[in-house]
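Asker: Can you read through this structure? Questions will come right after.
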Amino acid sequence: MIGIIGAMAVEVENLIEEMSDKQVETTSGISYHIGSISGIRCVVAQCGVGKVAAAVCAQTMILKYQPDAIINVGVAGGIGQSIHIGDIVISRGLVQHDMDTTSLGDQKGLISGINLVTIPADEKLVQKVAATAAEVYGDGVHIGIIATGDQFICDAEKLRGLAEDFDASACEMEGGSIAQVCWLNNVKFAVIRAISDNADEDANVDFAAFAVTSAHKITQLIVNLLPTL
């Protein structure tokens, strides 16, 4: 069983359409679609935007459906001159950039309880995603740090800060909390982010224009990926 989580309807609706033998169960206002994609048993859910919504979804998915791995899909803002709209970033690890207890002497981004700044994704799963992504995205495939926070970033100064503080390649609003839940439950995970904008002053315009296209392309990646897992 593979769990797949996206924040917005556009990020999961095509995957749900690809699913056969579907059934739907709702818990805490989140619908979990259970069925098969490419012959592999899956549970797909739209968690909603933000870290709390994503954590609730991931924890419920683990408790109810016992997935062998969770893949978080969606769009993100790209960070750095080498990351372009239409590329894909696969998580080497996740950070939560809005976690800040530096006033207590901690490193910026340190997550209390697990005592990590960067939560590492499952290396074997990441490599399988990357190999499959090359078939769909060509040269536009990057493996890097993805920064999560409850903010839609559209500020160049903030962007530079994420690069300096965390060496991040992309920023979004859910992956870090899903990573934390998976880490606590010893469940393999990877986060896949199609770049819909460059997280700068034009981010709101780029996001609206490219989110649908970016999300559709991820669907093909997942359809191709699942039989390899």
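Asker: Ignoring everything except DSSP H segments at least 4 long, calculate the 222 nm mean residue ellipticity for the chain; use -39,500 (n - 2.57) per segment, divide by total residues, nearest 500.
Answerer: Value at 222 nm, helices only, nearest 500: -12000 deg cm²/dmol.
Asker: Normalised by the number of residues in the chain, what is the relative contact order in percent for Cα pairs under 8 Å and 6+ residues apart?
Answerer: 27 percent
Asker: List the residues, sorted by chain then number, that are 5 or more residues from Ser31 or on another chain and whose placed amide H is less than 5 Å from its amide H.
Answerer: HN-HN under 5 Å from Ser31: Gln46.
Asker: In nanometres, what is the gap between the two model label sites at Gln220 and Ala134, each 7 Å from Cα along Cα-to-Cβ?
Answerer: Computed distance between label sites Gln220 and Ala134 equals 1.8 nm.
Asker: Between His84 and Thr102, with labels modelled 7 Å along Cα→Cβ, what's the label distance in nm to one decimal, could you check?
Answerer: That separation, rounded to one decimal, is 3.4 nm.
Asker: Sticking with this one: Which semi-axis lengths, in whole Å and largest first, follow from the square roots of five times the eigenvalues of the Cα gyration tensor of the chain?
Answerer: The equivalent ellipsoid of the chain has semi-axes of 26, 20, 16 Å.
Asker: Using the beta-carbon distance between Thr228 and Asn185 and R0 = 22 Å, what value does 1/(1 + (r/R0)^6) give for FRET efficiency, to the nearest 0.05?
Answerer: That pair, Thr228 with Asn185, gives E of 0.40.
Asker: Filter the cross-link list Lys108/Lys158; Lys64/Lys124; Lys51/Lys188; Lys64/Lys188 down to pairs whose alpha-carbon distance in this structure exceeds 22 Å.
Answerer: Lys64/Lys124
Asker: Provide the descending list of Cα extents for the range 1-122 along its principal axes, expressed in whole angstroms.
Answerer: The Cα atoms of the range 1-122 stretch 52, 35, 24 Å along the principal axes, largest first.
Asker: Shifting gears a bit: If a/c stays under 1.5 just call it rounded; otherwise compare a/b with b/c (prolate if a/b is bigger, oblate if not). Do that for the range 64-165, with a ≥ b ≥ c from the square roots of the Cα gyration tensor eigenvalues. Mind dumping the intermediate values first?
Answerer: On the way: a/c = 2.21, a/b = 1.26, b/c = 1.76.
It comes out oblate by the Cα gyration axes.
Asker: Under 4.7 Å Cβ to Cβ, no partner at all: give me those cysteines from the chain, in residue order.
Answerer: Cysteines of the chain left without a disulfide-compatible partner: Cys42, Cys154, Cys171, Cys182.
Asker: Let me ask another. Determine which residues of the range 79-103 fall in the zone a paramagnetic label at Arg160 would reach in this model, i.e. backbone nitrogen under 19 Å from the point 7 Å along Cα→Cβ.
Answerer: 79-83
Asker: Can you work out the Karplus-derived ³J(HN,Hα) for every residue in the range 179-196? Use 6.51 cos²θ - 1.76 cosθ + 1.60 with θ = phi - 60°, whole Hz, and x for glycine or proline.
Answerer: 4, 5, 5, 5, 4, 5, 9, 6, 10, 4, 8, 8, 10, 10, 10, 7, 7, 9
Asker: Round to the nearest 0.05 the FRET efficiency obtained for Ser20 and Ile114 when R0 = 45 Å and r is the Cβ-Cβ distance.
Answerer: 0.75
Asker: Once the dipole of the chain is set up with Lys and Arg at +1 and Asp and Glu at -1 on Cβ about the Cα centre, which of Ala58, Gly39, Gly176 lies farthest towards its positive end?
Answerer: Gly39
Asker: Check which residues have an amide H placed less than 5 Å from Ala168's amide H, if you skip close sequence neighbours.
Answerer: When sequence neighbours closer than 5 places are left aside, the close amide H contacts are Ala163.
Each reported figure results from applying straightforward, stated rules to the coordinates on display, with no laboratory input. Note that this is a predicted model, so its numbers are computed, not measured. Note that each Cβ is placed from the backbone with ideal geometry, even for glycine, and that neighbours are counted across all protein chains shown.
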